[in-house]
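The block underneath contains the structure these notes are about, expressed in structure tokens.
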Amino acid sequence: MKLLEHEGKEIFRRYEIDIPKGVVVSSPEMFKGLNAEEVVVKAQVLVGGRGKAGGIKFASSVVKETISSILGMSIKGEAVNEVLVEEKLPIEEELYLAVAVDRTNKCLILLYSTEGGVDIEETALNNPEKILKIPIKDGSSFASLPKDVQPIAEKLYRISKEMDAELVEINPLVKANGKLIAADAKVIIDDNALFRHPEFSKKKDYTYIEEIAASSGLQYVELKGNIAIIGNGAGLVMATLDVLDYYGGKAANFLDVGGGASVEKMEKALEVALMKNPSGIFINIFGGITRCDEIALGLVNFISSRNVQLPLVVRLIGTNEEEGKKILNENGISSLDSMEECAKKIVELTS
Amino acid sequence: MMILIDKDTKVIVQGLTGKQGSFHAGKMKEYGTQVVAGVTPRKGGTKVDGIPVYNSIKEALEKHEASWSIIFVPAKFAKEAALEAIENGLNIVLITEGVPVHDSIKIVQEAKSLTVIGPNCPGMISPGASKLGIMPGHVFKKGKVGVISRSGTLTYEIVEELTKAGIGQSTVVGVGGDPVLGSSFIDLLELFERDKDTEKVVIIGEIGGDMEEKTADFIKENFSKPVVAYIAGTTAPEGKKMGHAGAVISGSSGTAAAKIKKLKEAGVKVARLPSEVAKLLL
């Protein structure tokens, strides 16, 4: 779960990392002034690239107008409901500092660079030698960092552990008036750890349908096509999207019912899948822990109660396959054993 | 030979008395796995499917020998269960999904030389010998191809095609779908390299992270046997998490295309469709 910049900065403040003087407002009237000659008004959105999209503006006199122009903007589909108004800093130097998860070394890693204020992934590509990487394991130390950066690194490490963060990033970490100040904050909390962070209860980067799906234990991602996909297992569902694409179809969504889905869960999955009015439905189930008869029952219940007339292809194999197919047959629904045959068929039926 | 587990492997099931634990322990026993005991705190003294339950691993090991524990415990308690097994010298298969990444890091660090498979994985199977996992046993057939995968059901999909084509498997390991894993593809390839009964390996990868890319480098330098791969997520959009916590693309790396390119450069044959894997092995 991504946090907004001001939420990340609030955490920094609690951990005694210097942040610019600033205030969050959701309307121009809320802004009562900041003791600064020039300010920067920053859209508070989760999506990246807000600067390029005009979501960051400097202002000295027309602050309320600037606030007004950024509020109500839509940056890459995300509405700007809040802005952070901060003092403009007299920047002497811009650094990069972050604590991230190093998948390869299976530990946390500290990243430091003097190339702050730019896209770190570009630096990694073009000037990798400018990024100092310190895997954080037994015996590692931050002694190779500049002395004034070390305490901030220690704090980021603590934040990472205590907040269960996948990423805690300051870019840029600005040197201004001899102090190091976090000019930006990017904090991503591990979704798997939200159960132990009740302070982060609301998920903000879901669409409406994704929210409904998540509350039913379904993994759902909206896509741009017209064929609804339902499957069990993220890898299998991703492969289904790929196979469909191979045969000329475009998926309307990714939807994983997970392992051991019940009749009710399958019905919910269908409800969610149909919310975007697809032209057809492709169900791909390889039941291990998931039982084919439960899936079949959920499908049959849903189709009959909603009188669904859409083209439908079903692939239903694995645990309780015979029982599942019997239920489908009794209700006039056929199935194919091959996922590729299903893909070809649904493309045909919806073209 | 096969890697990691064989018919003599003795296993403890943590979370045996729960819904998942009891169901799968029964299936494992049916398959022929030596499930010697179960552990659920406060349920010691009971039995599930004839398997004795103990309050702790320590208690279980006083009465039984075991070298592995398979863990079916909710995410909130997974770290505790895993650390308990590790403290008692057991290798672990951590089936649980939703384990916080910081917990996984701790588990991996404490394990040291013990093997950790998972978390968020279907487990592993040496067909005809032993199953430490939730995969449907009938899909697998004993043979000479090692299979390593980040996915669960996609593994069954591809393995079923292999079995239908008469291509049996030595050991199939689901490494898991999370960003930090106890055993990476490289860890397992090292074992397959030394296993005289494994002649070829299939890798089933997906978007997110750079494990497949690092594996490609390893294969170039250190792996002598033929490898065939399938990478899921070619059509996945950037910036969106597709199910697995590990399957997210950020920026330009971690895409299926990038992985496929590197694997091909390392001499790996990459299937365009799951069904093509079997064809590429022949």
Quiz item: Relative contact order of chain B: what whole-number percent is it, with Cα pairs under 8 angstrom and at least 6 residues apart?
Solution: 14
Quiz item: Quick one, what does Rg over Rh come out to for the stretch B:109-155 if you take C-alpha atoms and the Kirkwood Rh?
Solution: 0.99
Practice problem: Compare A:160, A:304, A:262 in a GNM of chain A, Cα atoms joined below 10 Å, and give the one with the largest fluctuation. | Solution: A:304
Quiz prompt | Cβ charges +1 (Lys, Arg) and -1 (Asp, Glu), total dipole of chain B, debye | solution = 500
Quiz prompt | In degrees, nearest ten, helix B:75-87 long axis to first principal axis of chain B (Cα) | solution = 80
Quiz prompt | Overall Cα dimensions of chain B, principal axis frame, Å, largest first | solution = 55, 40, 30
Quiz item: Solvent-accessible area per residue for the protein assembly as shown at a 1.4 Å probe radius, Å²?
Solution: 42
Quiz item: How big a patch of accessible area, both sides summed and in Å² to the nearest 100, lies buried between A and B at a 1.4 Å probe?
Solution: 4000
Quiz item: Which pairs break 19 Å Cα to Cα here: A:9/A:42; A:155/B:112; B:225/B:269?
Solution: A:155/B:112
Exercise. State the volume of the convex hull built on the alpha-carbon positions of the stretch B:1-154, expressed per residue in Å³ and rounded to an integer.
Key: 107
Quiz item: Between A:325, A:52, A:250, which gets the highest mean-square fluctuation from a Gaussian network model of chain A, Cα cutoff 10 Å?
Solution: A:52
Practice problem: Report in % the part of the accessible area of the stretch B:1-145 that belongs to carbon and sulfur, leaving out ligands and nucleic acids; probe 1.4 Å. | Solution: 50
Exercise. Would you mind computing Rg(Cα) / (2.2 N^0.38 Å) for the stretch A:274-351, counting N as its residues?
Key: 1.05
Quiz item: Mind checking Rg over Rh on the protein assembly as shown, alpha carbons, Kirkwood formula for Rh?
Solution: 0.99
Exercise. Mind checking which of B:121, B:138, B:156 is farthest towards the positive end of the stretch B:118-174's charge dipole, using Cβ charges of +1 (Lys, Arg) and -1 (Asp, Glu) about the Cα centre?
Key: B:138
Quiz item: Sorted by mean Cβ packing within 10 Å, highest first, what order do the peptides B:144-150, B:223-229 take?
Solution: B:144-150, B:223-229
Quiz item: What residue among B:131, B:261, B:112 shows peak mean-square fluctuation when chain B is described by a Gaussian network model with Cα springs under 10 Å?
Solution: B:112
Self-check item: Accessible area in the full protein assembly, largest first, 1.4 Å probe, for A:11, A:91
Solution: A:91, A:11
Practice problem: Could you please put A:65, B:276 in sequence from largest to smallest accessible area, using a 1.4 Å probe? | Solution: A:65, B:276
Quiz item: Cα convex hull of the stretch A:67-224: mean projected area in nm², to one decimal?
Solution: 12.7
Quiz item: Once both axes come from the Cα atoms, what is the angle between helix B:211-222 and the longest principal axis of chain B, in degrees from 0 to 90, rounded to 10?
Solution: 80
Practice problem: Compute the Rg/Rh shape ratio of the stretch B:49-111: radius of gyration over Kirkwood radius, all on alpha-carbon atoms. | Solution: 0.97
Self-check item: the stretch A:1-142: relative contact order as a whole-number percent, Cα under 8 Å and 6+ apart
Solution: 20
Quiz prompt | Helix-only mean residue ellipticity at 222 nm for chain A, each DSSP H run of n ≥ 4 adding -39500 (n - 2.57), per residue, nearest 500 | solution = -9000 deg cm²/dmol
Quiz item: Residues with beta-carbon under 14 Å from that of residue B:47, excluding residue B:47: net charge, scoring Lys, Arg +1 and Asp, Glu -1?
Solution: +2
Exercise. Over 22 Å between C-alpha atoms is what I'm after, so list which of B:63/B:106; B:63/B:142; B:7/B:27 land there.
Key: B:63/B:106; B:63/B:142
Quiz item: Radius of gyration and Dmax for chain A's Cα atoms, expressed in Å?
Solution: 25.3, 78
Exercise. Mind pulling the angle between the C-alpha long axis of helix B:256-265 and the longest principal axis of chain B? Nearest 10 degrees, somewhere in 0 to 90.
Key: 70
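The values are calculated or read from the model by the stated rules, or taken from the named source; none is laboratory data. All of these numbers come straight from a predicted model, not from anything done at the bench. Don't worry about glycine lacking a Cβ; one is built from the backbone with ideal geometry, like all the others, and counts go over all protein chains shown. With ligands, DNA and RNA removed, areas are computed over all heavy atoms of the protein, side chains included. Shrake-Rupley method; radii C 1.70, N 1.55, O 1.52, S 1.80 Å.
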